[in-house]
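Reviewing the structure listed below.
Just so you know, all these numbers are worked out from the coordinates, no wet-lab data involved. The structure displayed is predicted, hence computed values, not measured ones. Backbone-built Cβ (ideal geometry, glycine too); neighbour counts: all protein chains shown.
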Amino acid sequence: MGILIPIRDIIGRVVGLQVRGDGKKTGKYKWVSSKGFPQGCSSGAPIHVASRESGSSDIWVTEGALKSDIAALRLKATVLAIAGVSNYDGIFPILKELKPRRIILALDMDRFTNPTVKQHCEAFICRLRCYYPTFEATWDSRYKGIDDLVTGAE
């Protein structure tokens, strides 16, 4: 059992699906794909675009589609989701099309405690700053992600 999360592109089309299983011990999120079947293919970990009407051209970036949907609703902003900090390459064509004034990164708090995550975050930030003014959102560490912060869930 679990919930099915649609991954949407810049015009709202479903381009992937993730399942968040109930009580899973190994990885909360699984991609729906036909990889492993004859002539099957991988999901490819596409970027999720959670877009809401906004008076600003700021683009928020976080990890995880469900988090970005929650954040977009609460922030009334466009929020892009990467499937983990090492899966950011696909974000650049989307940003080029959206033409943001600035990027606000709202990555999970493990970017400060996990050396591997920190290394990927730094590479991502460096690359973003080559093209856009980029800022990092920070918050009290009892909230893991931006979704927890905006909903008040610890």
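Observations on the structure shown:
- The count of lysine pairs in the chain with alpha-carbon distances below 17 Å, taking only pairs 8 or more places apart or on different chains, stands at 6.
- Trypsin sites (Lys or Arg not before Pro) lying in DSSP loop within the range 57-154, provided at most 16 other Cβ fall within 10 Å: LYS76, ARG101, ARG142, LYS144
- For the range 104-154, convex hull of alpha carbons as volume per residue, Å³: 63
- Backbone N under 15 Å from the LEU98 label point (7 Å along Cα→Cβ), restricted to the range 28-49: 46-49
- Those residues of the range 96-122 whose amide nitrogen sits under 14 Å from the label point placed on TRP139, 7 Å along Cα→Cβ: 105-110
- Using the Cβ-Cβ distance between TYR132 and ARG20 with R0 = 30 Å, the FRET efficiency computed as 1/(1 + (r/R0)^6) comes to roughly 0.50.
- Here the scattering of the chain is modelled by Debye summation over its C-alpha atoms, one equal scatterer each and no solvent; at q = 0.11, 0.17, 0.19 Å⁻¹ the log10 of I(q)/I(0) is -0.43, -1.04, -1.30.
- Across all Cα pairs in the range 76-131, the calculated P(r) in 5 Å bins from zero up to the longest distance comes to 4, 17, 31, 26, 15, 7, 1 percent per bin.
- Between SER57 and PHE37, the C-beta separation translates, for a Förster distance of 25 Å, into a calculated FRET efficiency of about 0.05.
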